[in-house]
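Scroll down for the structure; my scribbles are underneath it.
The values are calculated or read from the model by the stated rules, or taken from the named source; none is laboratory data. These numbers come from a predicted model, not from an experiment. Cβ placement follows ideal geometry from the backbone for every residue including glycine, while neighbour counts extend to all protein chains displayed. Keep in mind that these areas ignore ligands, DNA and RNA; they rest on the heavy atoms of the full protein, side chains included. Shrake-Rupley method; radii C 1.70, N 1.55, O 1.52, S 1.80 Å.
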Amino acid sequence: MRLDKYLKLTRIVKRREVAKVLIEEGSIKANNKVVKPSYEVKIGDIVNLKLGKREIIIKIKDIKEVVGKKNVDTLYEII
């Protein structure tokens, strides 16, 4: 699954277009590398998000195409 789609699906970023812009400007990195929005995420990847003054680091635990609100937190772990 694409990184921008994963961030939208997990509700970390509200819109896929916003995720795409953040990735392109380097605010979101995967495994400490600058990547494109089309980067294919894998289980175990570490994603660094710099949103304003906050920095969030998550580890991808699972990848699903359809997820309900209650199960979103099972897809990643905040480190």
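Quick notes on this structure:
- Whole-number D in µm²/s for the chain (Stokes-Einstein; Kirkwood sum over Cα pairs; 37 °C, 0.692 mPa s): 267 µm²/s
- Selection from VAL67, VAL41, ALA30, by position along the positive dipole direction of the chain (Cβ): VAL67
- Residue range of the chain that is longest and free of GluC sites (Glu not before Pro) which are both DSSP loop and sparsely packed (at most 14 other C-beta within 10 Å): 26-64
- Within the range 15-79, trypsin sites (Lys or Arg not before Pro) in DSSP loop having at most 11 other beta-carbon neighbours inside 10 Å: ARG15, LYS42, LYS53
- Heavy-atom accessible area per residue - the chain, 1.4 Å, Å²: 67 Å²
- Computed about its Cα centre, the charge dipole of the chain is approximately 220 debye, with only Lys, Arg, Asp and Glu carrying charge at their Cβ.
- Spin-label model, LYS42/MET1: points 7 Å from Cα along the beta carbon direction are separated by 1.7 nm.
- Within a straight-line Cα-Cα reach of under 16 Å, LYS70 can be paired with the following aspartates and glutamates, leaving aside sequence neighbours fewer than 8 residues apart in one chain: ASP62.
- Local net charge near TYR76, Cβ-Cβ under 11 Å (Lys/Arg +1, Asp/Glu -1): -1
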